[in-house]
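Okay, structure first, notes after.
The values are calculated or read from the model by the stated rules, or taken from the named source; none is laboratory data. Small disclaimer: the values here were computed from a predicted structure and weren't measured. Note that we place each Cβ from the backbone using ideal geometry, even for glycine, and neighbour counts take in every protein chain shown.
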């Protein structure tokens, strides 16, 4: 799915474990509860994506655009190439977001 155009796609609860989503266009995509463990999201456009409750453990977010992404209740433990501070600066998180 490298470079896929998934703008606004409904991928709620999708199993995308280890998926190659490098360069994918995902603005506004609905990824509530999606399993994105170990996914390659390098340079993915996740602006405004709904990642509420998504499992991103071990995902590689190098150069991903997370502006206005909803990461409330998401699990970001072990994500690579992005810091907690960088995520907090651009995305919506809450006390249930795990880093």
Going residue by residue through segment 58-67, is there one that turns out to be assigned to a loop (DSSP other than H, G, I, E, B), touching a strand residue (DSSP E or B) at 6+ places or on another chain (Cβ under 6 Å) and without any contact (Cβ under 8 Å) to a residue 60 or more places away in the chain? no
Scanning segment 21-30 residue by residue, those more than 24 Å from residue 98 (Cβ to Cβ) and not in a loop (DSSP other than H, G, I, E, B) turn out to be 25
Quick count over segment 31-45, residues being surrounded by 24 or more Cβ atoms within 10 Å (Cβ to Cβ) and assigned to a strand (DSSP E or B), is 0
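Can you tell me which of 3, 48 is over 15 Å from residue 71 (Cβ atoms), assigned to a loop (DSSP other than H, G, I, E, B) and in contact with a strand residue (DSSP E or B) (Cβ under 9 Å, 6 or more places away or on another chain)? Give the steps one after another, and end with the answer.
Numbers: 48 fails: over 15 Å from residue 71 (Cβ atoms).
It is 3.
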Residue 8 being closer than 22 Å to residue 89 by Cα, touching a strand residue (DSSP E or B) at 6+ places or on another chain (Cβ under 8 Å) and surrounded by fewer than 23 Cβ atoms within 10 Å (Cβ to Cβ): no
Could you grab me the full set of residues in segment 66-81 that are closer than 19 Å to residue 35 by Cβ and out of contact with any helix residue (DSSP H, G or I) (no Cβ under 7 Å at 6 or more places or on another chain)? 69, 70, 72, 73, 74, 75, 77, 78, 79, 80
For segment 59-84, how many residues meet the condition of being surrounded by fewer than 17 Cβ atoms within 10 Å (Cβ to Cβ) and modelled with pLDDT under 95? 4
